[in-house]
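Working notes, structure below.
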Amino acid sequence: MDIYLPIAAVSLNVFVLLILGTAVGFLSGVFGIGGGFLLTPLLILAGVPQAVAVATSANQLVGASVSGALAHWRRGNVDISMALVMLAGGLAGSAFGVSVFALLLRLGQADLVISLSYGVLLGGLGILMLVESARAILLRRGEGPVQRKLHQHNWMHGLPLKMRFRRSKLYISMLVPLGLGFLVGTLSAIMGVGGGFIMVPAMIYLLGMPTSMVPGTSLFQIIFVSAAVTVLQAVENGTVDLVLAMILLIGGVIGAQLGSRFGAKLRGEQLRAALAIIVLAVAVKLVADMTVTPAQLYTLEAIQ
Amino acid sequence: MRAGIFFFASHVRCYARRGLCYAALFCFASLWPGYARADQPLLADLSSHLIAITTGFTGASVVLFGAIDGPGDVVIVVRGPELDTVVRHKSRFAGIWINTRQVTFAGAPSYYAAFSSKPLDDIVPQPVQSLHQIGLANLRLQHKSTSLADDEVAEFRAALIDDRRQQGVYDDAVGRISFLGDRLFRAQIDFPATVPTGTYFIEVLLIRDGSVVTGQTTPLVVSQIGIDAEVGEFAEHRALIYGLIAVASAAMAGYLASLPFRSV
């Protein structure tokens, strides 16, 4: 059954969109990542114009992250104070990122510089995570449960403005989550994706948050970022397709619920290993997109 | 405002023409010999002057029908709204594919279709084809200033036409016009689901002895109708409220979905 999408100006099959929304929502629920990196290219593949796909993914994400965050919240897995500190950094970061993006555009080849650095960043991150989580899984298998330190102490614990994050069992400088939020905010504004899959590993490894707390806290934070992006896109570019977003949401909100239930059954290192594989896959795809001979050497863009 | 007056005027003309056309068909049905008047060698009209894009829209077809006053060939050229179009070309640079060259074509039609009752070269000489832009080979695409050589620009032009042909918005074909006897003709014009909105112009040409005897242009409006049009309009004129509604409804959907799972 096809349905016509008013802003995207194309007809798409409702069932395909429902399945797409559910799958991406499920991933959001499990890992606390937005899934925009998956949803946006899939929508473009289905024939939705790029600008509409980016903006509408953000709108879909509002619903999926509310749904997922609520599910984690009921299990007490959301660290509100941590999320708010990171959010403050994130909003400042996106404002900064927008101006950096404008600068890169003026210099030309912005998208190339961005995907290249993003690919390298994600590739490195993915490999590090995979090695760490594989070691943790092997350790557990070999010797049974090991008593480990909650997290490593390093230079970051010498920074001023210390703050207690009760839920995460952390006593660290608020500058660290603030700076992390800023960095991810900048990157997401430049890349046009949520940045959840940088945020989540950073929360685990850099902040040393317990893995179980990470998805809920990340999703709680994503609610506000994606809401801000949706409104901005609607006002600036008029590219949010409400009909498309609603269809994706029906699947997305249910997927997020199922995902967060499924994620709760996984152990921390399993979750980290799975996320590492996804991050690596995205990195490989980014690099492949740039290096494999494209099917279409010519691309068209009609200027309205 | 000017567009409004134009539309009104063109519709009045359409109705007048449709009346004549029905009269012509009626005469044919009653086997009247001179069914098309001598001073009207060509009459044509569409089955509909509006393609309404509604929620279930998956593409549409419009039938063009008409009559000619004696033997001859018919060519139909359909052109959609014109938009500047950038064509970019990727090439490999240090192992990576990047956009290296681009050409902007000014006012390229977003839809183009040309049909003829016989192979074009058999009925009309090349200069006339070119003058009336009959067929994709003769479609005039003006490029804006570029540093590229003419033969390179020609590749970009071919890429634009290829891409749009694959999208189903560019088409040219022989024999898509069927004749009933040698006076009445009809042709089906297909529009895919991705058809751009706007005003289309359908030009019907009567060709005899290698020259265009007469032509007639009929407008066709492609427009969003109903809820979709209202959503689009709302998104455009009340962007902030639209954005807030989008966020609020998404958040509400997220909340509602979490309710059945509450007890878990």
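The values are calculated or read from the model by the stated rules, or taken from the named source; none is laboratory data. On a predicted model such as this, the values are computed, not experimentally measured, just so you know. Here the Cβ positions follow ideal geometry from the backbone for every residue, glycine too, while neighbour counts run over all protein chains shown.
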| query | Are any of the residues in the stretch B:79-92 touching an Asp or Glu at 6+ places or on another chain (Cβ under 8 Å), within 27 Å of residue B:216 (Cα to Cα) and either assigned to a helix (DSSP H, G or I) or of a type in the set (A, V, I, L, M) (or both)? | reply | no
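Per-residue answers, yes or no, for (1) at pLDDT 85 or above; (2) of a type outside the set (Val, Ile, Thr); (3) on the phi > 0 side of the Ramachandran plot:
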| position | (1), (2), (3) |
| --- | --- |
| A:157 | no, yes, no |
| A:162 | no, yes, no |
| A:172 | no, no, no |
| A:211 | no, no, no |
| A:220 | yes, yes, no |
| note | Over the stretch A:262-301, the set of residues over 16 Å from the mean Cα position of the chain (by Cα), within 12 Å of chain B (Cβ to nearest Cβ) and surrounded by 16 or more Cβ atoms within 10 Å (Cβ to Cβ) is A:264, A:287, A:290, A:298, A:300
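Would you be able to say whether some residue in the stretch B:97-104 is touching a Pro at 6+ places or on another chain (Cβ under 6 Å), of a type in the set (A, V, I, L, M, F, W, C) and surrounded by 15 or more Cβ atoms within 10 Å (Cβ to Cβ)?
The initial filter retains those residues of the stretch B:97-104 that are touching a Pro at 6+ places or on another chain (Cβ under 6 Å), namely B:97.
The next check asks that each one be of a type in the set (A, V, I, L, M, F, W, C); those that pass are B:97.
Applying the additional criterion that residues be surrounded by 15 or more Cβ atoms within 10 Å (Cβ to Cβ) yields B:97.
Yes: one or more hits.
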| said: Residue pairs, Cβ under 6 Å, 6 or more apart or interchain, first in the stretch B:50-62 and closer than 15 Å to residue A:14 by Cα, second in a strand (DSSP E or B) and of a type in the set (Gly, Ala, Ser). List them. | reply: B:57/A:11; B:58/A:11
| field | Number of the condition not met by residue B:248 [criteria: (1) surrounded by fewer than 14 Cβ atoms within 10 Å (Cβ to Cβ); (2) more than 12 Å from every other protein chain (Cβ to nearest Cβ); (3) not polar (S, T, N, Q)] | value | (2)
| Conditions: (1) modelled with pLDDT under 85; (2) surrounded by fewer than 17 Cβ atoms within 10 Å (Cβ to Cβ). Residue B:224 meets all but one. Number of the miss? | (2)
| Count of the stretch B:138-175 residues which are within 20 Å of residue B:206 (Cα to Cα) and either part of a loop (DSSP other than H, G, I, E, B) or hydrophobic (A, V, I, L, M, F, W, C) (or both) | 4
| request: Can you give me the number of residues within the stretch B:51-83 that are modelled with pLDDT of 90 or more and exposed (fewer than 15 other Cβ atoms within 10 Å of the Cβ)? | output: 2
| note | (1) under 19 Å from the mean Cα position of the chain (by Cα); (2) in contact (Cβ under 8 Å) with a residue 40 or more places away in the chain all hold for residue B:107 apart from (2)
| Of the residues in the stretch A:21-53, how many are buried (at least 23 other Cβ atoms within 10 Å of the Cβ) and aliphatic (A, V, I, L, M)? | 9
| field | Close pairs (6 angstrom Cβ cut-off, 6 or more residues apart or separate chains): of a type in the set (Val, Ile, Thr) in the stretch B:211-238, at pLDDT below 85 and surrounded by 16 or more Cβ atoms within 10 Å (Cβ to Cβ) anywhere | value | B:231/A:6
| query | What number of residues in the stretch B:125-163 are closer than 21 Å to residue B:89 by Cβ and not small (Gly, Ala, Ser)? | reply | 19
| request: Scan the stretch B:208-249 for residues that are hydroxyl-bearing (Ser, Thr, Tyr) and more than 30 Å from residue B:65 (Cβ to Cβ) and report the count. | output: 2
| Top-ranked residue in the stretch A:1-34 [being more than 14 Å from chain B (Cβ to nearest Cβ) and modelled with pLDDT under 80; ranked as nearest to residue A:260 (Cα to Cα)] | A:32
| said: Consider the stretch A:232-249. How many of its residues are facing chain B (nearest Cβ under 9 Å), assigned to a helix (DSSP H, G or I) and in contact with a helix residue (DSSP H, G or I) (Cβ under 6 Å, 6 or more places away or on another chain)? | reply: 6
| message | Take the residues in the stretch B:41-55 that are in a loop (DSSP other than H, G, I, E, B) and more than 12 Å from chain A (Cβ to nearest Cβ); name whichever of them is farthest from residue A:244 (Cα to Cα). | response | B:41
| In this structure, is residue B:199 more than 30 Å from residue A:47 (Cβ to Cβ), hydroxyl-bearing (Ser, Thr, Tyr), away from chain A (no Cβ under 14 Å) and surrounded by 14 or more Cβ atoms within 10 Å (Cβ to Cβ)? | no
| said: Could you check the stretch B:56-101 and list, in sequence order, the residues that are more than 14 Å from chain A (Cβ to nearest Cβ) and either over 17 Å from the mean Cα position of the chain (by Cα) or more than 30 Å from residue B:225 (Cα to Cα) (or both)? | reply: B:66, B:67, B:68, B:69, B:70, B:71, B:72, B:73, B:74, B:75
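Would you mind finding the one in B:240, B:259, B:206 that is hydrophobic (A, V, I, L, M, F, W, C), more than 36 Å from the chain's Cα centre (by Cα) and either within 30 Å of residue B:111 (Cβ to Cβ) or at the interface with chain A (Cβ under 10 Å from one of its Cβ atoms) (or both)? Outline the logic, then answer.
Working: B:240 fails: more than 36 Å from the chain's Cα centre (by Cα); B:206 fails: more than 36 Å from the chain's Cα centre (by Cα).
It is B:259.
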